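The values are calculated or read from the model by the stated rules, or taken from the named source; none is laboratory data. As the structure is a computational prediction, the values presented were derived from the model and not from experiment. Note that each Cβ is placed from the backbone with ideal geometry, even for glycine, and that neighbours are counted across all protein chains shown.
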Amino acid sequence: MITFTPLSGAARSSRTTPLAYLLKVDDVQILLDCGSPDWSPEAATSSAVKEEDIAESAFHWEQYCRALKEAAPNIDLVLLSHGDLAHSGLYAYAYSHWNLRAPAYTTLPVQAMARIAATEDVEGIRDEEQVIGEEEPEQTDEDETPMEDGTTQAKNGKSVVRKGKYIATPQEVHDAFDSVTVLRYSQPCHLQGKCQGITIIPFNAGHTLGGTIWKIRSPTAGTVLYAVDMNHMRERHLDGTVLIRSGAGGSSVFESLQRPDLLITDAERANVTTARRKDRDTALLDCIDAALSSRNSVLMPCDASSRVLELLVLLDQHWSYSRLKYPICLLSRTGREMMTFVRSMMEWLGGTISKEDVGADADGGKGKDRKRKRDEEGDEDALGAFALRFKHLEYFNNPASLLQSYSSKEPKLILAIPASLSHGPSRLLFSQFATIPDNVVLLTGRSEEGTLGRLLFDRWNSSQRDETKWDRGKIGSNIRLEGPLYIKINSKEPLQGDELEEYLQKERTAKEKEAAQKAAMDRQQHLLEADEGESDSDSDSDEDDENEVEQALEDEDEDEDMDVLGDNEVKPRRKGGKRRDGDGTDWGGFGYDQDEGSRQLLSYDIYLKGNVAKTTSFFKNAEGQVTQRFRMFPYVEKKRRVDEYGETIDVGLWLRKGKALEEDTETDEVKEAKRLAEEELKKIPREPPSKFVSTVVEVQLACRLLFVDIEGLNDGRAVKMIVPQVNPRKMILVHAPETATDVLMESCAGIRAMTKDIYAPSQCETIQIGQQTNSYSISLTDELLATIKMSRFEDNEVGFVTGRIASLASSIIPVLEPVSTSMIPSTSTPSTLRGKMLGSRPTANLPRSTMIGELKLTALKARLATVGVQADFIGEGVLICGAAAKRGSGSDGLEDSVSVKKTARGHIELEGTVSEVYYKVRKEVYNLHALVAA
């Protein structure tokens, strides 16, 4: 039984991102993707930004995050399909804070790209604003009461959503993705533990580097195919998805992915017609050339890891071909790290990338000469030597470093992070960039709903004619942005003046308090060590008695400093010139010796207070006399700290010995690495005291805006072609707006052979597919196992079993035993009994056999070629084998020829004369099936 619940990115939803789905196969809960939303939603662009407007559109992710938090501890498996924020951005936080510790699987590029994208995102946000999450909830009003479900309850009974952002730290991002297990394409992984019996296989999905289609195979639920955000078109740095293949006979679905029991796919672009790739590339490059040649600059918001590679390859090829001298500036903290990872994963790249034409110098044929020279010299670093080393690309960590190298008046192409313009360098640059006339802002994606990038796209799309809108298959024209735009800029500024003095004063106070606490702990430790030293001495010696006598004498001397004032008052004399409190007690001077410094002297002068003349008192007194007070000296028993064997335990000594042993076992390389790490930490400059500042900036728009779709996703034509060819038994649509969902469902309904079981659940809606099956455990005896003939089918071995179920008193699991001949019921009829002759043998039933599998004539042709039998197709799905395939259809070769034809699903006809060729062909047909004999 299969249960499916979209936690986010459901069908018929206005917000199609992020993607996160909970798939339950029998008792195994699988999390498909774990994306993060854009944590900085845009406020209403009006003349005055209101806080209530921000509150209405912000924190739309609370329902998704709450559902994921509740489900995280019970998840048994995590599968990540793409390395961008929409598919894997929230995994690090869920891993660190919500106990999402289930085994996670993905491909190596997805792991690396997701780590880079998440690191870039969390560092960018934490550098601009104070992150408030579950551990640091925002201060609520006095009328609000915190609740357990993450909300606050107001006095009027209404629930108020806690305004938190679930953003991990950079270290948590690295720890989370280090725990992910990586697989290769088409590598089956047989899971163990609770997931035992389930097999997962990743396949190429296109769209991003390492993008994955997951095939999940269960022995009870069948095959589940999770395929979202695919691209069947070949790009410059990636091949198209393996799901669909184009050949001489047309396109066909990959054999291993055909006819799944359940297909989970997206329909986001089911109603979109994308323009031709050639037209899109031409429009983008022409816009860039026109702006740069006019001494203007171009700003291209982009992501941190995935789709930026396609842009870099395209721009490098154009710069090399046109011999342009303008700089290409990549504004990203992790840009260099990303390119280093990509160069180390060249085997995952595809498309038109090669070491001759990407990243090489624009020197005509010299690149090929250099390649030939490297090959002759035997250079093994072929792919990483010159590939993807872009000559015109420069890396910058922040906008300040960019402005130091190039002024705002110099023409340049800037690729800034992130693509949504919600925070970070791209947002800050846009506030300055958009005010310069004829500068161009070039969008390559629509961004998430509610971000500045989506607002700019909507403005551009609404300005186009109906035939040139983005989903009509035409390239639109650029528009001029006009009027004011109010955007909120978050930044971190150093403290100055009184704020800096106040911060430094608090820091000094904290240090003094810490030093005082440390000194108190040192004094306490000193006293404890002194007590240990005294306890180590022999308690039976006479020294103890002498010490008691000396202590008593010291107490008598101290008593001389005390003046009795009354029944209940004691006036101590001052020591060390300290001042007494109002009640006569000076805690600063009394009981502390200035000469010994760290030695604390305890006073044992304790007087009986109150009326002690009662008869119940231990001290007798005469009636009418003044009550006399007596001093008492309490006795503190000193106990030796020993174990059960009478030995004193020194914990500190063992800790010191353990540390010394660890240092001795360390190699010189480890010690050197630690020393270098410590030196690097010392070299890092300390960040000055700073504060987070939010300002609303009015931007007078004067730039030009153009949108060119370079997202690399299937459009409606491709989706409507691929889904019917996959031909699933059941299908679930996700990650799509309402109009696109209806378009794809109507398209599938018009196909006669297409399934009618198509579901489109909304967010957090649970649907069940299949029926609940009852499974039973049974044990096979060794005698029965010895008689089973196993045949291999794909990754499994199958066999036919006939037996009798028996119950044993020693076990609750029934046992299947072989059936003896005497137990088989007789099937003889009266007519056969009458016709039986004396001495005749009983009739024996022939063994039954079953062939499992589906014959592919192309596979049969390949196998026959290996055994020396020539075969060829003659049309209408008939394979001719033997002499007729060599000589044609003449009568001379018909006696040694066999024809193989598939008449229906599971039915194969072999027609020909009985010859050696016939038996060879039949043998290979049998070998392509799993034969199960009873």
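Quick notes
- Considering the stretch 16-126, the qualifying strands (runs of 3 or more DSSP E), each wholly inside and each with 3 or more residues that are within 13 Å of the chain's Cα centre (by Cα) and modelled with pLDDT of 95 or more, run over 77-79, 104-107.
- Restricted to strands (runs of 3 or more DSSP E) entirely inside the stretch 777-819, those with at least 1 residues that are of a type in the set (S, T, N, Q) are 791-793, 796-798.
- Of everything in the stretch 284-320 that is hydroxyl-bearing (Ser, Thr, Tyr) and touching an Asp or Glu at 6+ places or on another chain (Cβ under 9 Å), the residue that is farthest from Gly424 (Cα to Cα) is Ser320.
- Of all residues in the stretch 127-149 being surrounded by 14 or more Cβ atoms within 10 Å (Cβ to Cβ) and at pLDDT below 50, the one that is nearest to Gln29 (Cα to Cα): Pro137
- When the residues of the stretch 268-294 are filtered to those that are closer than 19 Å to Leu705 by Cβ and assigned to a loop (DSSP other than H, G, I, E, B), the one that is farthest from the chain's Cα centre (by Cα) is Ser294.
- Evaluation of Leu706 against (1) touching a helix residue (DSSP H, G or I) at 6+ places or on another chain (Cβ under 7 Å); (2) of a type outside the set (Ser, Thr, Tyr); (3) at pLDDT below 85 (one fails), failing number: (3)
- Qualifying positions in the stretch 450-474 - touching a residue at least 60 places away in the same chain (Cβ under 8 Å) and of a type in the set (Gly, Ala, Ser): Gly450, Gly453, Gly473
- Note on the stretch 187-248: enclosed strands (runs of 3 or more DSSP E) holding 1 or more residues that are on the phi > 0 side of the Ramachandran plot and not assigned by TED's automatic domain parsing to the domain that holds Ala304 are 222-227.
- Top-ranked residue of the stretch 204-240 - restricted to ones that are acidic (Asp, Glu) and closer than 15 Å to Gly350 by Cβ, ranked as farthest from the chain's Cα centre (by Cα): Glu235
- Top-ranked residue in the stretch 208-240 [being out of contact with any strand residue (DSSP E or B) (no Cβ under 6 Å at 6 or more places or on another chain) and free of Cβ contacts under 8 Å to residues at least 40 places away in the same chain; ranked as nearest to Cys302 (Cα to Cα)]: Gly240
- Within the set Ser420, Ser477, Ser431, Ser447, the sole residue that is assigned to a loop (DSSP other than H, G, I, E, B), touching a residue at least 12 places away in the same chain (Cβ under 8 Å) and surrounded by fewer than 20 Cβ atoms within 10 Å (Cβ to Cβ) turns out to be Ser477.
Here's the yes/no breakdown for (1) surrounded by fewer than 18 Cβ atoms within 10 Å (Cβ to Cβ); (2) part of a helix (DSSP H, G or I); (3) polar (S, T, N, Q); (4) at pLDDT 90 or above:
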residue: Ala304; (1), (2), (3), (4): no, no, no, yes
residue: Tyr321; (1), (2), (3), (4): yes, yes, no, yes
residue: Tyr326; (1), (2), (3), (4): no, no, no, yes
residue: Met338; (1), (2), (3), (4): no, yes, no, yes
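- Residues located in the stretch 1-15, provided they are of a type in the set (Ser, Thr, Tyr), assigned to a strand (DSSP E or B) and touching a Pro at 6+ places or on another chain (Cβ under 8 Å): Thr5, Ser8
- Filtered by the rule that a residue be buried (at least 22 other Cβ atoms within 10 Å of the Cβ) and in a loop (DSSP other than H, G, I, E, B), the stretch 714-741 gives Asn714, Pro728, His735.
- Which listed residue is closer than 30 Å to Leu744 by Cα, touching a residue at least 60 places away in the same chain (Cβ under 8 Å) and not assigned by TED's automatic domain parsing to the domain that holds Leu108, from Asp303, Asp316, Asp281: Asp303
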